[in-house]
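Student: Please see the structure below; I have some questions.
Please treat every number below as a calculation from the coordinates, not as lab data. From a predicted model like this one, the values you see are computed outputs, not experimental measurements. Quick reminder, even Gly has a Cβ in these numbers, built from the backbone with ideal geometry, and neighbours come from all protein chains shown.
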Amino acid sequence: MPLTTLEQIIPLLRDAVGPVILISGVGLLLLTMTNRLGRAIDRARTMTHELATQTGRERTQTQAQVEIIFRRAKIIRLAILFSVTSALLAAVLVVSVFVSVWLQWHQGWPLGVIFVGCLLSLCASLVAFMGDINLSLHALKLELEATPPEK
């Protein structure tokens, strides 16, 4: 029986709201991550220009910080990849819910697999994001060690 009436479609829409909310939340997470990536890239460019005028210990410290920022950027890129994958899987889940009801396909396991993949990807993204946070604290520690104490 195809979906033709509003009474038939409304429960389906209600069931599809969960993954849509997940997409919205992941979108906000992506906004945060892309901002952090942009700031890391800008900071690395600034520090790279500073290297031209530095020598000795100061240059070594700045190079170490640039290397950490590069590692951070790679980790943030990985976190963004997992977040995008999570959002895509959530979108595929919504489409799959509609198609499975439309075609009267009563197999639920593919939807479960898509949902689990979506959440696992989100978890991987958050773990990578925490890795970036830890590395940024390490870079701050290096910067504070390089700054001479005030007299």
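Student: Could you tell me which residue out of 97, 65, 119 lies farthest along the dipole of the stretch 55-151 toward its positive end? Charges go on the beta carbon: Lys and Arg +1, Asp and Glu -1, centred on the Cα centre.
Tutor: The residue sitting most towards the positive pole is 65.
Student: Through the Karplus equation 6.51 cos²θ - 1.76 cosθ + 1.60, θ set to phi - 60°, convert the phi angles of the stretch 58-64 into ³J(HN,Hα) values in whole Hz; use x for Gly and Pro.
Tutor: Using θ = phi - 60°, the values come out as 4, 5, 4, 4, 5, 4, 4 Hz.
Student: Give the Cα extents of the stretch 31-87 along the principal axes, in whole Å, largest first.
Tutor: Sorted largest first, the three principal extents are 46, 14, 12 Å.
Student: What ranking do 123-132, 75-84 get when scored by the average of other Cβ atoms within 10 Å per residue, highest first?
Tutor: On the way: 123-132: 17.3, 75-84: 20.4.
The peptides rank, most packed first, as 75-84, 123-132.
Student: Here's something else I'd like to know. Take every Cα-Cα distance within the stretch 91-151, group them into 5 Å bins from 0 onward, and report for each bin the whole-number percent of pairs it holds.
Tutor: Histogramming the stretch 91-151 at 5 Å steps yields 4, 15, 14, 11, 9, 8, 8, 7, 6, 5, 5, 3, 3, 1, 1, 0 percent.
Student: Based on DSSP H runs of at least 4 residues, each adding -39500 (n - 2.57), what is the mean residue ellipticity at 222 nm of the chain after dividing by all its residues, to the nearest 500 deg cm²/dmol? Provide the component values of the computation, followed by the final result.
Tutor: Numbers: 3 runs with 131 residues, N = 151.
For the chain, the value works out to -32500 deg cm²/dmol.
Student: If you take Cα extents along the principal axes in Å from the coordinates, which of (1) 56, 46, 30; (2) 48, 37, 30; (3) 79, 27, 24 do you get?
Tutor: After the calculation, the listed value that fits is (3).
Student: Mind checking the dipole of the chain: about its Cα centre, +1 per Lys or Arg Cβ, -1 per Asp or Glu Cβ, Debye to the nearest 20?
Tutor: 380 debye
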